[in-house]
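A quick write-up on the structure given underneath.
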Amino acid sequence: MATDVITPQATPITSPPPSPAEAPAVAFLGSMSTTVSVNLEAKAPFPAIQALFDHLDAHPDEVAKLNATYPHRGVIKTAALHKLESDQKFTIDLSPMRNSRIPEALRQSLDPHGLGEVLDFFNAISAQYVPTILSSLSLLAGTDLSAAHTSYNMNYHLCDYNPNTAAPESSNGCGAHTDYGTFSIIFQDGTPGLELEETPGTWIPVPGDATVVLTGWCAVILSGGRISAAKHRVRRAPGVRRLSAVLFVAPDLDVKLKPMGDSQPTRALSNTIMRGELDVKTFKDVIGKRWRYREGNEEMDNADSLSQDNEIENMVWG
Ligand SMILES: [Fe+2]
């Protein structure tokens with residue numbers, strides 16, 4: 001793959017499609033963000049992902065063992081089984097750190113049911129694409145972002161937009177939000193549902209077979225606003241199962257979130273940001289509380305007072 005995975009010169013999706021011979025590696029999905037569709041050779045192992053969800057659904061004992069490897073928040077999230085208002089999906093939330101805690105016996109038990117293939121996939125993807133995408137984003141940012149990404153702070157998510165949730169007719173697969181980290185690569189199983197907010201309140205569907213690179217809040221801040229991030233959501237169709245695999249990449253947890261490099265921000269950022277008082281770990285904790293509420297895994301006192309992104313916008317912008 002070329003090093004310029006994401007370039008400002010890439011063809012907007014609204015222009016006429018090029019002939020297959022000169023198809024670009026990248027197409028922007030909307031004019032208001034740096035979200036792009038990328039032609040990656042790698043495809044996510046969806047049969048293995050489905051097998052893993054189905055195996056765990058039938059083996060609660062193994063779910064308990066897997067969750068025990070990360071007792072703080074668990075690994076498998078199934079709040080949608082009993083919460084009508086939360087995102088109607090199940091997730092498996094892995095990371096290199098969490099994977100290293102899975103006992104050998106559990107690994108041997110789950111590997112033939114998809115876990116082995118899934119972890120091999122994420123490990124290969126992160127080695128193959130993360131440095132390349134970071135260099136492309138650095139071009140957009142006008143500064144080298146890799147210095148803030150030395151420890152590969154990554155999460156691996158599997159999502160099962162399963163018809164058998166508490167609210168089978170609900171169209172809410174995943175509520176509108178902007179990712180917190182630097183970028184996310186979303187692999188889809190061919191089923192539509194992912195949508196990007198083009199302008200406030202206007203949603204554009206992403207083709208179900210597209211592999212998408214989405215930028216997040218940390219990219220916006222580190223680039224001084226030169227990188228923009230898209231709000232997105234997932235809509236469900238009743239009775240239709242949809243699977244996705246997402247690689248999240250964030251800066252190192254101790255990085256102070258402020259514009260890197262010497263250029264002036266393109267938009268005024270808050271004093272907290274400009275003084276370098278907000279580190280990635282704190283930012284993730286604040287956002288994480290919101291997303292766990294949306295996913296149904298945590299209660300909140302003032303959940304309705306501000307939307308997830310409004311609160312973050314107040315924290316970020318001057
Ligand atoms: Fe997201």
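The values are calculated or read from the model by the stated rules, or taken from the named source; none is laboratory data. Just so we're clear, the structure is a prediction, and the values are computed from it rather than from any experiment. Using ideal geometry, Cβ is built from the backbone for each residue, glycine included, and neighbour counts are taken over all protein chains shown.
Residue pairs whose Cβ atoms lie under 6 Å apart, sitting 6 or more positions apart in sequence or on different chains, and linking a residue in the range 130-142 that is in contact (Cβ under 8 Å) with a residue 40 or more places away in the chain to a partner that is surrounded by fewer than 19 Cβ atoms within 10 Å (Cβ to Cβ) and acidic (Asp, Glu), are Ser136/Asp4.
Within the range 269-313, can you find the residues that are more than 23 Å from Ser151 (Cβ to Cβ), at pLDDT 95 or above and outside any helix (DSSP H, G or I)? Matches in the range 269-313: Leu269, Ser270, Arg275.
Here the range 230-249 is the region considered, the condition is being in a loop (DSSP other than H, G, I, E, B) and near the ligand (Cβ under 10 Å from one of its atoms), and the residue that is modelled with the lowest pLDDT is Ala230. Kindly indicate whether Gly216 is among the small types (Gly, Ala, Ser), within 16 Å of the ligand (Cβ to nearest atom) and in contact with a strand residue (DSSP E or B) (Cβ under 6 Å, 6 or more places away or on another chain). No; evaluated as a whole, the condition is false for this residue. You will find that of Ser270, Ser244, Ser263, the residue that is buried (at least 19 other Cβ atoms within 10 Å of the Cβ) and either within 20 Å of the chain's Cα centre (by Cα) or more than 30 Å from Pro168 (Cα to Cα) (or both) is Ser244 and no other.
Given the structure, is Leu222 surrounded by 23 or more Cβ atoms within 10 Å (Cβ to Cβ), under 23 Å from Met32 (Cα atoms), touching a residue at least 60 places away in the same chain (Cβ under 8 Å) and in contact with a helix residue (DSSP H, G or I) (Cβ under 8 Å, 6 or more places away or on another chain)? Full working, then the answer.
Values: surrounded by 23 or more Cβ atoms within 10 Å (Cβ to Cβ): yes; under 23 Å from Met32 (Cα atoms): yes; touching a residue at least 60 places away in the same chain (Cβ under 8 Å): yes; in contact with a helix residue (DSSP H, G or I) (Cβ under 8 Å, 6 or more places away or on another chain): yes.
Yes; evaluated as a whole, the condition is true for this residue.
When each of Gly142, Gly175, Gly190 is tested for being within 13 Å of the ligand (Cβ to nearest atom) and small (Gly, Ala, Ser), the lone residue that passes is Gly175. Tell me, yes or no, whether the range 21-39 has at least one residue that is at pLDDT 95 or above and within 22 Å of the chain's Cα centre (by Cα). No, every residue in the range 21-39 fails to be at pLDDT 95 or above and within 22 Å of the chain's Cα centre (by Cα). Residues in the range 266-276 that are in contact with a helix residue (DSSP H, G or I) (Cβ under 8 Å, 6 or more places away or on another chain) and either among the polar types (S, T, N, Q) or over 20 Å from Asp309 (Cα atoms) (or both): Ser270, Thr272. Here Glu197 fulfils each of the conditions (1) acidic (Asp, Glu); (2) over 25 Å from Lys77 (Cα atoms); (3) touching a helix residue (DSSP H, G or I) at 6+ places or on another chain (Cβ under 9 Å); (4) within 13 Å of the ligand (Cβ to nearest atom) apart from (3).
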